[in-house]
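Take this structure first; my questions come after.
The values are calculated or read from the model by the stated rules, or taken from the named source; none is laboratory data. Treat the numbers as computed from the prediction; the structure is a model and nothing was measured. Virtual Cβ from ideal backbone geometry, glycine too; neighbours counted across all protein chains shown.
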Amino acid sequence: MTGARVERIVTSGTFSLDGGTWDVDNNVWLVGDDDELIVIDPAHDADAILSRLHNRRVVAVVCTHGHDDHIGQAPTVAEWTGAPVLMHPADAPLWGMTHPERYPDADLTDGQTIAVAGIEVHVRHTPGHSPGSVCLSVPALGCVFTGDTLFQGGPGATGRSFSDFPTIIDSIKHGLLTLPPETVVHTGHGDDTTIGAEAPHLDEWVVRGH
């Protein structure tokens, strides 16, 4: 048996909000071992995600926030695997824009833990990019999944509906930069970074209103 690990799938599609549509590549994350896992942010291509499960039990489909490019395939993956969809309830309005006929099965809450493959995934409510954005810290693997809250080079976008720049800065400062500096940051789009690489730039982000 192989121990708990992180696997990445990159899928391509679009993100739509406020009347605009943009082409995006998304990171879909699998966290688990040879027997069971969780799926984080099932985006765009259900077949690509399902083909990587290899008959493993899916404990949960976890959405870091409710934007359509992060939740698009959540109902399909849940239907095929029998796993519940989990999301913070503050993003219910965003979810409803994409899936008005099928809401998540259970709420994510700040401080909640999800057990999978002998490790714990810790939920941190980090609003700003959206009201219900969460990050998922996995101390046993030395990493955190930040969705669109923190990227290599700065915070996620806050220029659209349901977002707020001061709030995302507060979330990053108190919810993420308190993690050990060596913590690997697995983002919703693009390359990994670390908490230590991003922490020194907080004041710069505030000044430029990143």
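List the helices (runs of 4 or more DSSP H) inside segment 134-210, counting only whole elements, that have at least 2 residues being farther than 20 Å from C63 by Cα and in contact with a strand residue (DSSP E or B) (Cβ under 7 Å, 6 or more places away or on another chain).
Here the list reads 195-198.
Results for (1) over 13 Å from the mean Cα position of the chain (by Cα); (2) at pLDDT below 95; (3) closer than 16 Å to H189 by Cα; (4) not hydroxyl-bearing (S, T, Y), shown as yes or no for each residue.
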position: T2; (1), (2), (3), (4): yes, yes, no, no
position: A46; (1), (2), (3), (4): yes, no, no, yes
position: R57; (1), (2), (3), (4): yes, no, no, yes
position: D68; (1), (2), (3), (4): no, no, yes, yes
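Next question, about the same structure. Of all residues in segment 182-210 being of a type outside the set (A, V, I, L, M) and touching a Cys at 6+ places or on another chain (Cβ under 8 Å), which is farthest from L136 (Cα to Cα)?
Only one residue fits best here, namely T183.
Of a type outside the set (A, V, I, L, M) and touching a Phe, Trp or Tyr at 6+ places or on another chain (Cβ under 7 Å), is that true of T64?
Spelling it out, T64 is indeed of a type outside the set (A, V, I, L, M) and touching a Phe, Trp or Tyr at 6+ places or on another chain (Cβ under 7 Å).
Now for a different question. With respect to the numbered conditions (1) touching a residue at least 40 places away in the same chain (Cβ under 8 Å); (2) surrounded by fewer than 18 Cβ atoms within 10 Å (Cβ to Cβ); (3) on the phi > 0 side of the Ramachandran plot, which one is the sole condition not fulfilled by G128?
(2)
The rows are residues; the columns are (1) under 21 Å from N27 (Cα atoms); (2) touching a Phe, Trp or Tyr at 6+ places or on another chain (Cβ under 8 Å); (3) free of Cβ contacts under 8 Å to residues at least 40 places away in the same chain; (4) of a type in the set (A, V, I, L, M, F, W, C).
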residue	(1), (2), (3), (4)
F145	yes, yes, no, yes
A157	yes, no, yes, yes
P181	no, no, yes, no
H189	yes, yes, no, no
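Still on this structure, please answer the following. In segment 132-155, what residues are surrounded by fewer than 23 Cβ atoms within 10 Å (Cβ to Cβ) and either modelled with pLDDT under 95 or touching a Pro at 6+ places or on another chain (Cβ under 8 Å) (or both)?
Listed by number, the list holds a single entry, G142.
Separate question: Go through segment 156-172 and give me each residue that's crowded, with 17+ Cβ neighbours inside 10 Å and touching a Leu at 6+ places or on another chain (Cβ under 8 Å).
Correct list: G156, F162, I169, I172.
Give me the pairs, please: first residue somewhere in segment 1-23 and of a type in the set (D, E), second residue anywhere and surrounded by 12 or more Cβ atoms within 10 Å (Cβ to Cβ), beta-carbon distance under 7 Å, and either six or more positions apart or on two chains.
These pairs meet every condition: E7/L30; E7/R52; D18/R160; D23/T14.
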